[in-house]
1. Being more than 16 Å from ligand 1 (Cβ to nearest atom) and open to solvent by 20 Å² or more (accessible area, probe 1.4 Å) narrows it down to one of Gly133, Gly146, Gly76, Gly172, so name that one.
2. If Tyr96 satisfies every condition in (1) closer than 21 Å to Ile240 by Cα; (2) in contact with a Ser or Thr (Cβ under 8 Å, 6 or more places away or on another chain) but one, which is the exception?
3. Of all residues in region 365-381 being of a type in the set (A, V, I, L, M) and open to solvent by less than 20 Å² (accessible area, probe 1.4 Å), which is nearest to Ser279 (Cα to Cα)?
4. Just the residues that are touching a residue at least 12 places away in the same chain (Cβ under 8 Å) and within 13 Å of Leu317 (Cα to Cα), please, taken from region 362-374.
5. Does region 345-357 hold any residues that are more than 15 Å from Phe392 (Cα to Cα) and surrounded by fewer than 19 Cβ atoms within 10 Å (Cβ to Cβ), and which are they?
6. Please work out if Val280 is in contact with a strand residue (DSSP E or B) (Cβ under 9 Å, 6 or more places away or on another chain), more than 16 Å from ligand 1 (Cβ to nearest atom), under 21 Å from Val386 (Cα atoms) and open to solvent by less than 10 Å² (accessible area, probe 1.4 Å).
7. Please identify the pairs in which a residue from region 273-294 that is among the aromatic types (Phe, Trp, Tyr) has its Cβ atom under 9 Å from the Cβ atom of a residue that is not in a loop (DSSP other than H, G, I, E, B), counting only partners at least 6 apart or on another chain.
8. With the condition kept exactly as written, say whether any residue in region 249-261 is in contact (Cβ under 8 Å) with a residue 60 or more places away in the chain and more than 30 Å from Cys396 (Cα to Cα).
Amino acid sequence: MKQFQHFINGTYCESTSGKTFDNVAPATGSVIGQVHEAGREEVDAAVTAARAALSSEWGELGVDQRCELLYRVADGINNRFNEFLEAECADTGKPYSLASQIDIPRGAANFKIFADTIRNSVNKSFQTATPDGQGAINYAIHVPKGVIAVVCPWNLPLLLMTWKVGPALACGNSVVVKPSEETPATATLLGEVMNEAGIPKGVYNVVHGFGPQSAGAFLTEHSGVDAITFTGETRTGEAIMRAAADGVRDVSFELGGKNPGIVFADCDLAKAIEGSLRSVFANCGQVCLGTERMYVQRPIFDEFVSRLKDGAEALRLGRPEDPATNLGPLVSETHRQKVLSYFRLAVDEGATVVCGGGVPDMEDDLSAGSWVQPTIWTGLGDDARVVREEIFGPCCHVRAFDDEDEVVALANDTEYGLAAAVWTENVSRAHRVAARLEAGVTWVNSWFLRDLRTPFGGMKQSGIGREGGEYSLEFYTETKNICVKL
Ligand code: NAD
Ligand code: 6OD
């Protein structure tokens, strides 16, 4: 049985309480490991180690030396690619075909891109006129913010954790990571890579546990933490924001979504179907950027629904390691019960079930896993809970619309504002609609096409702040102005 221990000050350790909880493989429902649950004592040790690291050799390194180390971390992940792949797929049940293309390569790339960004970042300066005619020069410098708490979800564990640890370390901070209780493996394994790469002790720390009254709350409430970066549910973000108010600590939040996909009759339908199948079903619908509300212009509505249904029914559910598998299970039985409750609610609210809506028959040991069928509905009203609430499963509702103003209003009628996808071959319409959508990221004729230099984050209840490229500098550093009178 695997043991997932904390990683504190460069060393793996257990909790003094001896408390552990099960790590369950969602594909089969079997227990594959024991996770050590941190108490206040371990969280305090991790924060203390992270604080000490700031004034040790890590704090003395120049940007170039720091970036060299981060390149070694990226190489370390790539050198142990298969170990990361197996660990991530065992924890989440996601297909190797997905994680080998997205999760693990991005886990490595997140260190390189932010090393490059920080190395090449430019500070602004201003020449200031003064009454004596001599003038002054003002210039900005960026300094690390300090100890950063990184609180992570389970859907893309390595990708989303390194998306925050990469820039935090590139900017010279130290981190304490709290992975999701569902997915402890890759954050733990990364500790070995950090040691192999020569990252000084205490710079990268990991504490395991749950949220409330456990490691998540102990970490975010800890007065030794200077700032908190969090990805997860909007309600959890509210709780963390309350904790961050003590000591007026900064937060960066990537939260929930209920993202629209808009398909105009002038789209390339084959592209729109292929992209929508990915945006609805990739990672079993457990992508914050995924589409759960499809709006399709009336002339192509019936054909779109029929082709989306064909695509959904062709998805191959199966073992993560089977190269033919392209749909995995949900992350846990608890999450499956939540998603299935929405499947029932859709019927109660009057939906027409186009496909799916239940639990698939799975063979042998897979029958005890957290599987659900890919599901499509039509016929719900705009106020239905299934159309308004984030489900985070492999499902969407498809609704017909007639014109541009109508669909923009429908798409924006939500408390969320994370992502949108627009499908049209009319370039003017594409720009016009994208500018009117209340979403942090809008893709036109694509979905989840990422350039890591671009701003990433959500509007409304989907988040606070932007990360990515130079935008990450705003959160992970303090910007200081120095004014020199000449
Ligand atoms: P979650 O909010 O339940 O948990 C996320 C993390 O927060 C976990 O590590 C958990 O232990 C911790 N946590 C929970 N309560 C806490 C508390 N009171 N104090 C401190 N920590 C606490 O989210 P999840 O279920 O792991 O992930 C799914 C959610 O994340 C979805 O809503 C999804 O939309 C969102 N998400 C958003 C993005 C984005 O980029 N906007 C990306 C991925 C996931
Ligand atoms: O690609 C990224 O950088 C990113 N943060 C993706 C988020 C996906 C959410 O599930």
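1. Numbers: Gly146 fails: open to solvent by 20 Å² or more (accessible area, probe 1.4 Å); Gly76 fails: open to solvent by 20 Å² or more (accessible area, probe 1.4 Å); Gly172 fails: open to solvent by 20 Å² or more (accessible area, probe 1.4 Å).
Of Gly133, Gly146, Gly76, Gly172, the one residue that is more than 16 Å from ligand 1 (Cβ to nearest atom) and open to solvent by 20 Å² or more (accessible area, probe 1.4 Å) is Gly133.
2. (1)
3. Ile376
4. Here is the first cut: in region 362-374, the ones touching a residue at least 12 places away in the same chain (Cβ under 8 Å) are 362, 365-366, 368-374.
Result: Met362, Leu366, Gly369, Ser370, Trp371, Val372, Gln373, Pro374.
5. We begin by selecting, within region 345-357, every residue more than 15 Å from Phe392 (Cα to Cα); these are 347-356.
Matches in region 345-357: Val347, Asp348, Glu349, Gly350, Thr352, Val353, Cys355.
6. Against the criterion (in contact with a strand residue (DSSP E or B) (Cβ under 9 Å, 6 or more places away or on another chain), more than 16 Å from ligand 1 (Cβ to nearest atom), under 21 Å from Val386 (Cα atoms) and open to solvent by less than 10 Å² (accessible area, probe 1.4 Å)), Val280 does not qualify.
7. Note: pairs meeting the criteria are Phe281/Gly311; Phe281/Ala312; Phe281/Leu327; Phe281/Cys395; Phe281/Cys396.
8. Here is the first cut: in region 249-261, the ones in contact (Cβ under 8 Å) with a residue 60 or more places away in the chain are 250-261.
Subsequent filtering for residues that are more than 30 Å from Cys396 (Cα to Cα) retains 250-251.
Yes; the residues of region 249-261 include at least one that is in contact (Cβ under 8 Å) with a residue 60 or more places away in the chain and more than 30 Å from Cys396 (Cα to Cα).
The values are calculated or read from the model by the stated rules, or taken from the named source; none is laboratory data. This one's a predicted model, so the numbers in the text were calculated from it and none came from an experiment. We place every Cβ from the backbone using ideal geometry, glycine too, and count neighbours over all the protein chains shown. We work out accessible area using only protein heavy atoms, side chains counted, and drop any ligands, DNA or RNA first. Shrake-Rupley method; radii C 1.70, N 1.55, O 1.52, S 1.80 Å.
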